[in-house]
1. Working carefully through the options I108, I150, I131, find the one that is within 16 Å of the ligand (Cβ to nearest atom), in contact with a helix residue (DSSP H, G or I) (Cβ under 6 Å, 6 or more places away or on another chain) and farther than 21 Å from V38 by Cα.
2. Would you confirm whether or not segment 191-203 contains a residue that is exposed (fewer than 11 other Cβ atoms within 10 Å of the Cβ) and of a type in the set (A, V, I, L, M, F, W, C)?
3. Being farther than 17 Å from L144 by Cβ, open to solvent by less than 60 Å² (accessible area, probe 1.4 Å) and not small (G, A, S) is the filter here; which residues of segment 1-21 pass it?
4. Please enumerate the residues belonging to segment 1-21 that are touching a residue at least 60 places away in the same chain (Cβ under 8 Å) and not in a loop (DSSP other than H, G, I, E, B).
5. Out of curiosity, is T72 among the hydroxyl-bearing types (S, T, Y), at pLDDT below 95 and away from the ligand (no atom under 16 Å from the Cβ)?
6. Condition (residue is at pLDDT below 95 and open to solvent by less than 20 Å² (accessible area, probe 1.4 Å)) applied to segment 75-96: is it met by at least one residue?
7. What are the pairs with Cβ atoms under 8 angstrom where one residue, in segment 187-201, is free of Cβ contacts under 8 Å to residues at least 24 places away in the same chain and the other, located anywhere, is hydroxyl-bearing (S, T, Y)? Sequence gap at least six, or different chains.
8. Name the residues in segment 22-62 that are in a strand (DSSP E or B), without any contact (Cβ under 8 Å) to a residue 40 or more places away in the chain and either surrounded by fewer than 16 Cβ atoms within 10 Å (Cβ to Cβ) or not assigned by TED's automatic domain parsing to the domain that holds D104 (or both), would you?
Amino acid sequence: MAIKFNILTLFPDMFPSMLGQSLAGKALERGDWSYNAVNIRDYATNHHKNVDDTPYGGGAGMVMRADVIEHTLLSIKKPSRKIYLSPRGRVLTQNLAKELSQEDCLTILCGRYEGVDQRVLEAHEFEEISIGDYVLSGGEPAALILMDAIIRLLPNVMGNAETADNESFGSATGGLLEYPHYTRPAQWMDAHGVTHKVPEVLMNGNHAHIDAWRKEQSEAITKKVRPDLLEVKFS
Ligand code: ADE
């Protein structure tokens, strides 16, 4: 099953960016996903091609106009599920990425300036999604991150199907952060002349011990770095 992204943006040249490289790039070439970046400015109605205006009630910045956004949206035949990227939205999680990866089409609105006129978001039932508690200069980098999180979950995109399940937030780690990884050389001397060995347990091929050690590591790392994930899990 392939997924199509319609992207409503003032900067269509920002796509596909890094998604044209590596595994996502190969998947794009194979047709596992496709995108259609629509320039919102092409749908501006007045002769100045204005896409934004000052906010009612005053305040800093500019607001993207409802009529222009709607005009852009209506140019898409079947927009399906509509997403507006904004720091005000529900925070993206691995579960949400998984859910979205089941869709065959997503329409993503990227805001700029102070945001978008609320009326068009409500009239066309945009879901608001944030990629985290910080503010970007626009929705485009957030769209690329959301798309990346989705694309790598599509069938055939990741080489080893097990990988997605094992990593941080994956089901095999029970929603915990991932254990540390090691590869050759078994003994490595750093630039300060200090030699570092690989943990012994990983070297003896006892998979029950290895699994137990990895689980322990996952729990310890999660407790230290993201205790909130443990609270969610056990509350
Ligand atoms: N636009 C600006 N900041 C954002 C964020 N944190 N997530 C999604 N879209 C945004």
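The values are calculated or read from the model by the stated rules, or taken from the named source; none is laboratory data. None of these values were measured; they are calculated from a predicted model. Every residue, glycine as well, gets a Cβ built from its backbone with ideal geometry; the counts of neighbours run over all protein chains shown. Remember, those area values only see protein heavy atoms, side chains included, never the ligands or the DNA or RNA. Shrake-Rupley method; radii C 1.70, N 1.55, O 1.52, S 1.80 Å.
1. I131
2. Among the residues of segment 191-203, at least one is exposed (fewer than 11 other Cβ atoms within 10 Å of the Cβ) and of a type in the set (A, V, I, L, M, F, W, C), which makes the answer yes.
3. Matches in segment 1-21: none.
4. Those that are touching a residue at least 60 places away in the same chain (Cβ under 8 Å) and not in a loop (DSSP other than H, G, I, E, B): I3, K4, F5, N6, I7, L8, T9, M14, S17, M18, L19.
5. Against the criterion (among the hydroxyl-bearing types (S, T, Y), at pLDDT below 95 and away from the ligand (no atom under 16 Å from the Cβ)), T72 does not qualify.
6. Within segment 75-96, not a single residue is at pLDDT below 95 and open to solvent by less than 20 Å² (accessible area, probe 1.4 Å).
7. That search, which allows pairs on different chains as well, returns Q187/T195; W188/T195; M189/T195; V198/Y182; P199/Y182.
8. Hits for segment 22-62 are S34, D53.
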